[in-house]
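The values are calculated or read from the model by the stated rules, or taken from the named source; none is laboratory data. Remember, predicted model here, so these are calculated numbers, not experimental data. For accessibility, only protein heavy atoms count, side chains too; no ligands or nucleic acids. Shrake-Rupley method; radii C 1.70, N 1.55, O 1.52, S 1.80 Å.
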Amino acid sequence: SLASISFPELTTVNGSNNLYTFKGTALTTVSFPKLEKSGSLYGWFQNCTSLTSASFPELTEAKNQCFQVTFSGCSSLTTVSLPKLKTVGTSSTFQNTFNNCTSLATLSFPALTTPGANGSWQNMLYGCSNVTVHFPSALQSTMGSWSNVTGGFGGTSTTVLFDL
């Protein structure tokens, strides 16, 4: 019956021993108000079908595998806030992150300067449709031809814009 969770003082997540921490719970909102750097949140909220929003307002660095399958199966998820994310790891950082998040409509990465590598974004939107993803225009020459970007991150009818 846990509905919301916040980590008000957490600034860093390290290691990968905390896999699937809240998998399948009844959470509706999660917030990490001070998290700045993150290692693995692998599968933390997978199949939390009531989850509608996740907020990471201070996150600047997402390391390898950070968000891998983190929100997979969160069919009610509509909002994910990553306004200060600047650096993405080069390996599987957003791989399968939003699989089957069928209510997700928009993702924005306004502060991103170091996007990792093509494989960092593999199938990020698999099972999703009509999602619009926004990136800074300065990244179009770097990311614009990556197969995961041109393939809509594995989603259907994905729109990728370099307009920020």
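Whenever you get a sec, compute what percent of the accessible area on the chain sits on carbon and sulfur atoms (1.4 Å probe). C and S fraction of accessible area: 47 percent.
In this structure the amide hydrogen of Val133, modeled in the peptide plane, comes within under 5 Å of the amide hydrogens of Leu107, Thr159, Val160, Leu161, none closer than 5 places in sequence on its chain. Amide H contacts for Glu58 (H built 1.01 Å from N in the peptide plane; partners 5 or more residues away or on another chain; cut-off under 5 Å): Leu35. Between Thr29 and Ser53, the contour length at 0.36 nm per residue exceeds the alpha carbon distance by 8.1 nm. By the compact-protein rule of thumb, 2.2 N^0.38 Å, the alpha-carbon radius of gyration of the range 17-100 corresponds to a ratio of 0.98. The residues of the chain have, on average, 42 Å² of accessible surface per residue, using a 1.4 Å probe with all protein chains present. Taking all Cα-Cα distances within the range 66-157, those exceeding 18 Å account for 37%.
Can you give me the Cα centroid spacing of the range 88-164 and the range 1-79 in angstrom? Spelled out, the Cα-based centre of one part sits 18 Å from the other.
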